[in-house]
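Visitor: Supplied in structure tokens, the structure appears directly below.
The values are calculated or read from the model by the stated rules, or taken from the named source; none is laboratory data. Source: prediction; values computed, not measured. Positions of Cβ are generated from backbone atoms using ideal geometry, with glycine treated the same way; all protein chains shown enter the neighbour counts. Protein only, heavy atoms only, side chains kept; ligands, DNA and RNA dropped before computing areas. Shrake-Rupley method; radii C 1.70, N 1.55, O 1.52, S 1.80 Å.
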Amino acid sequence: MWVREHSRKARRLAFTRGLEKDRQDCYSDAMSFDVRTFEWNFCPTCGARLAMTYDGEQPRPHCAACTRFFYSNPVPAACGLVANGNALLLVRRAVPPCLGEWSLPGGFVELGETTDEAVLRELEEETGIRGARPRLIGASTQPSQLSGAVVVMGYVIEEWDGEPLARSDVSEARFFTRPQRPPLAFQAHRDLVAIYDALESA
């Protein structure tokens, strides 16, 4: 019995420490925390082991059977800035990374869709808000614990309808005026909100 209880306490402690480490990383300065990049070892098409081969610029993982090089590139993402008067829509994350912290609605771009389409899809998936006429205002490149690096594009949603609801991957969705805004979890989102605020103040 003591062993089981000790094991449960140890798991709870490890989980709590993991959440705290995750929270600290969420509020770290841009490009400042250590991130493991994804390493290509085997070809995802044929399963052959890859060999480092010069591609004309530098050695890259290469599959001789498929005659294909593999690259570690930043992953594209898009987030939306939805305003209701002088209030901005934010969501509380229900999944890691940055579980329980606030951010802009958004997510990764799917293969086969544009970044404009991605931001509208993510907005509706996370909040139920149906948006239109996304306007690109900027981009921010930051480290990512999932992919090594991410390029986040920020869009002002010029037209929208619906009431914000907590849906996929979020536990809360609501509008905040500028003085009421909670800290944002991701440096990229902080960068894009700063751009938005500067444009609104101009």
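Visitor: Place a label point 7 angstrom from the Cα of ARG133 along the Cα-to-Cβ direction, then list the residues of region 144-176 whose backbone nitrogen is under 19 Å away.
Guide: 154-163
Visitor: Please work out the C-alpha center-to-center distance from region 127-196 to region 59-117 and express it in whole Å.
Guide: Centre-to-centre distance over Cα atoms comes out at 11 Å.
Visitor: Can I ask one more? Working with all protein chains in place, sort SER144, SER201 by solvent-accessible area computed with a 1.4 Å probe, largest first. Each step should come with its number before you reach the end.
Guide: Numbers: SER144 10, SER201 85 Å².
Correct descending sequence by accessible area is SER201, SER144.
Visitor: Determine the relative contact order of region 107-202: mean sequence separation of Cα pairs under 8 Å and six or more apart, normalised by residue count, in whole percent.
Guide: 26
Visitor: While we're looking at this one, here's another question. Once the piece of chain linking PHE42 and THR67 is laid out straight, how much longer is it, given 0.36 nm per residue of separation minus the C-alpha distance between them?
Guide: On the way: separation 25, 0.36 × 25 = 9.00 nm, distance 1.32 nm.
Stretched out fully, the PHE42 to THR67 stretch lengthens by 7.7 nm.
Visitor: Using per-residue counts of other Cβ atoms within 10 Å, averaged over each peptide, order 151-163, 183-195 from highest down.
Guide: Peptide ranking by packing, descending: 183-195, 151-163.
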